[in-house]
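Student: One structure, pasted below without further comment.
Values in this text are rule-based calculations from the coordinates and carry no lab data. The model shown is predicted, which means the values in this text are computed figures rather than measured ones. With ideal geometry, Cβ positions are generated from the backbone for all residues, glycine too; neighbour counts draw on all protein chains shown.
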Amino acid sequence: MIAKLIRQNIKNLQPYSSARDEFQGLDAIFLDANENPYGNLNRYPDPHQAALKAKLSELKGVPTAQIFIGNGSDEVIDLAFRIFCNPGRDQVLICPPTYGMYEVAAHINDIEVVKVPLTEEFQLHTAEIIKQTHEKNIKIIFLCSPNNPTGNSLEDIEEILNTFSGLVFIDEAYIDFSERDSYLRQIAKYSNLIVSQTFSKARGLAGARVGMAFSSPEIIALYDRVKPPYNVSTSNQKAALKTLHQPSLYTSRLQAIKSERTQLLTALRKLKVVKKIYPTEANFILFEVEDATAIYNYLVARKVIIRNRDRDVKNTLRVSIGQPGENQKLIEELKKYEKITAH
Ligand SMILES: *Cc1c(COP(=O)(O)O)cnc(C)c1O
């Protein structure tokens, strides 16, 4: 089933064979990769990220053959295009308002984007999505749950998984902040499902650029063939592995962010300038005001930077959950704004 989705040039690809592919083992004199024999970061990284994958496999309950590690989720997204989508011919489907990178990656790869906007409640228009898959040459459906920038989780993904025979890419960058189950369990059932997660959000490693994809062994093998051999640096592999060995730090910070989210929601609800707050299962809050651009500019002048999402959802702002003092400062500034603009 996957075979007929792959681009012909990728099927025929002879992948690069690195020095580390040709000899594996630690106890030897390494004169095979033109490395400098001196220094700390003088050796190439493990192209297979074996230590990191072994730990992830144990934590997530997924075999290592079903795990891919990328240079951020951005690489996981880009590779999906390069493996499956024929430039100038194929299409992908997205459900806006959603993460901007799906569309950017599509345009870089010369792939047309079919848009089926979310409903008023920011849920999937499942019937319309399925209709589009019959009419167009759609290779991948991108779903983001919890969704950025709306913050809510998507219902009815199962229906798409049961109907669509192309690839379903579920972006779970914010899954740790949600009480819902990950779609990870479903990769055993659907060989066309790719679940992506990241070290950038709940794991606190946005600076390290480490993303993950979980999928069928066939799809992961394709990812491994197409990726640059040394796509994740030694330092970044180590940083990722280190967070996995600090479960209590991860849990306590996650708890702190979730409890700050509750506090911030309460404080925002009390403000008159806030017209509507959208439900969130992520580490950010989308809320509606009368004039998003005016508030955004006011906050920027006060050196508090949030995101103006007016272009996606009229008069909305998106704020990431910060440290308690940072969130307090935001609320104080919004209160001042309220006073200044009170009629
Ligand atoms: C932040 C975010 C990511 C993370 O991307 P990285 O490249 O791993 O930092 C992925 N998807 C969504 C929807 C995001 O908001």
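Student: Please identify the GluC sites (Glu not before Pro) of the range 95-180 that satisfy two criteria: DSSP loop assignment and at most 16 other Cβ atoms within 10 Å. Which are they?
Tutor: Those satisfying the criteria are Glu120, Glu121, Glu155, Glu179.
Student: Return the lysines within reach of Lys272: Cα separation strictly under 16 angstrom, same-chain partners fewer than 8 residues apart disregarded; answer none if there are no such residues.
Tutor: The qualifying lysines are Lys335, Lys336, Lys339.
Student: Over the Cα atoms of the range 1-87, each weighted equally, I'd like the Debye log10 I(q)/I(0) at q = 0.10, 0.18, 0.19 Å⁻¹, rounded to two decimals.
Tutor: -0.39, -1.08, -1.13
Student: Please compute the length gained on full extension between Tyr38 and Val226, using 0.36 nm multiplied by the number of residues separating them and subtracting their Cα-Cα distance. Can you show the working numbers first?
Tutor: On the way: separation 188, 0.36 × 188 = 67.68 nm, distance 3.06 nm.
Length gained between Tyr38 and Val226: 64.6 nm.
Student: No solvent, one uniform scatterer per C-alpha: report log10 I(q)/I(0) for the chain via the Debye equation at q = 0.11, 0.14 1/Å, two decimals.
Tutor: Normalising to I(0) and taking log10 leaves -0.80, -1.18.
Student: Could you list the square roots of 5 times each eigenvalue of the Cα gyration tensor of the range 32-83, that is, the equivalent ellipsoid semi-axes, sorted largest first and rounded to whole Å? Write down the numbers at each step before the final one.
Tutor: Working: eigenvalues 132, 60, 17 Å².
Calculated on Cα positions only, the semi-axes equal 26, 17, 9 Å.
Student: Something else now. Can you check how the C-alpha radius of gyration of the range 254-325 compares to 2.2 N^0.38 Å, as a plain ratio?
Tutor: Details: Rg = 11.8 Å, N = 72, 2.2 N^0.38 = 11.2 Å.
Relative to the rule-of-thumb radius for its length, the range 254-325 sits at 1.06.
Student: What percentages make up the Cα-Cα pair-distance distribution of the range 199-343 when the bins are 5 Å wide from 0?
Tutor: For the range 199-343, the binned pair fractions read 2, 8, 15, 16, 14, 12, 10, 10, 7, 4, 1, 1, 0 percent.
Student: Suppose the chain between His245 and Asp291 were pulled fully straight at 0.36 nm per residue; how much longer would it get relative to their current alpha carbon spacing? Can you show the working numbers first?
Tutor: Details: separation 46, 0.36 × 46 = 16.56 nm, distance 4.50 nm.
Answer, rounded to one decimal: 12.1 nm.
Student: While we're here: Starting from the alpha-carbon convex hull of the range 50-200, give the projected area averaged over all orientations, in nm². Write out the running numbers ahead of the final one.
Tutor: Working: hull surface 34.7 nm².
About 8.7 nm², averaged over all directions.
Student: Mind checking which lysines have their C-alpha under 22 Å from Lys11, skipping anything on the same chain fewer than 8 residues away?
Tutor: Straight-line reach from Lys11, under 22 Å: Lys139, Lys227.
Student: Now for a separate question. How many angstrom lie between the C-alpha centres of the range 209-287 and the range 1-62?
Tutor: 25
Student: Continuing with the same structure: Grab the DSSP H runs of the chain that are 4 residues or longer, score each as -39,500 (n - 2.57), total them, divide by all residues and round the 222 nm result to the nearest 500 deg cm²/dmol. List each step's numbers first, then the result.
Tutor: Values: 12 runs with 128 residues, N = 343.
Calculated from helices alone, the mean residue ellipticity at 222 nm is -11000 deg cm²/dmol.
Student: Under 20 Å from a point 7 Å along the Cα-to-Cβ line of Lys276: which residues of the range 313-335 have their amide N that close?
Tutor: 313-320
Student: May I ask you to work out the translational diffusion coefficient for the range 124-237 at 4 °C, viscosity 1.567 mPa s, via Stokes-Einstein with Rh from the Kirkwood sum over Cα pairs, reported in whole µm²/s? Could the numbers behind the result be given before it?
Tutor: Values: Rh = 15.4 Å.
It comes out at roughly 84 µm²/s.
Student: From the mean inverse distance of alpha carbon pairs (Kirkwood) and the Cα radius of gyration, derive Rg over Rh for the range 170-244. Write down the numbers at each step before the final one.
Tutor: Values: Rg = 13.2 Å, Rh = 13.5 Å.
Answer for the range 170-244: 0.98.
Student: Treat each spin label as a single point 7 Å out from the Cα along the C-beta direction, and report the Ser320 to Ala3 distance in nm.
Tutor: In this crude spin-label approximation the distance works out to 4.5 nm.
Student: Compute the Kirkwood hydrodynamic radius of the range 16-137, taking the inverse of the mean of 1/r over all pairs of distinct Cα atoms, and give it in Å to one decimal.
Tutor: 18.3
Student: May I ask you to list the trypsin sites (Lys or Arg not before Pro) in the range 245-343 that are in a DSSP loop and have at most 12 other Cβ atoms within 10 Å of their Cβ? The partial results should precede the final answer.
Tutor: Working: sites: Arg253, Lys258, Arg261, Arg269, Lys270, Lys272, Lys275, Lys276, Arg302, Lys303, Arg307, Arg309, Arg311, Lys314, Arg318, Lys329, Lys335, Lys336, Lys339; in loops: Lys270, Lys272, Arg302, Lys303, Arg309, Arg311, Lys314.
Sparse-neighbourhood loop trypsin sites (Lys or Arg not before Pro): Lys270, Lys272, Lys303, Arg311, Lys314.
Student: Here's something else I'd like to know. Could you tell me the calculated FRET efficiency between Glu128 and Ile29, based on Cβ-Cβ distance and R0 = 56 angstrom, to the nearest 0.05?
Tutor: Details: r = 62 Å, r/R0 = 1.10.
Given R0 = 56 Å and the Cβ-Cβ separation, E is 0.35.
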